[in-house]
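A short worksheet on the structure shown next.
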């Protein structure tokens, strides 16, 4: 190609035709893996990932992390790694949120046996919700009250650290 030609006379470079699979499957997955990689977005992903990973209902944190990451355009791999790393803390915090919720509402935190809870959940939804529904609502309220504290308490310090880190360790482009 002659560099002396004006832009209108340069030959067009045709892009290869992308298959349906590439456009509908590969491209969205790659977009999810690479979005939200600025220092501020990574800090937000970490902070929101911790808050969502502490959701006081077992089995819902992965779905919550996925939905929050999609809605806020956060990095999916980072938020899910945080969610998985937090599972021991999550189990402990379920009990903390139950007790905190009972304290908020001036209720007595009912003692419960995890095997009894599991048995009732699997065999009698009506009895499960009758016995533990209010406790779940109280735990949810306690969690909702702590979310802004968790996100704010983590986001601002992490943002400062990550900004400083990217200034001292610039990211190099990887060439194909």
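Look at where the Cα atoms of the range 36-66 and of the range 132-166 average out, and the two centres are 9 Å apart.
For the range 37-167, the pair-distance distribution built from all alpha carbon pairs, in bins 10 Å wide starting at 0, is 13, 37, 30, 15, 5, 1 percent.
When only Cα pairs below 8 angstrom with a gap of at least 6 residues are kept, the range 88-171 shows a relative contact order of 37 percent.
Here, each number is a calculation from the coordinates, and none is a lab measurement. Keep in mind the model is a prediction, meaning the values are calculated, not measured.
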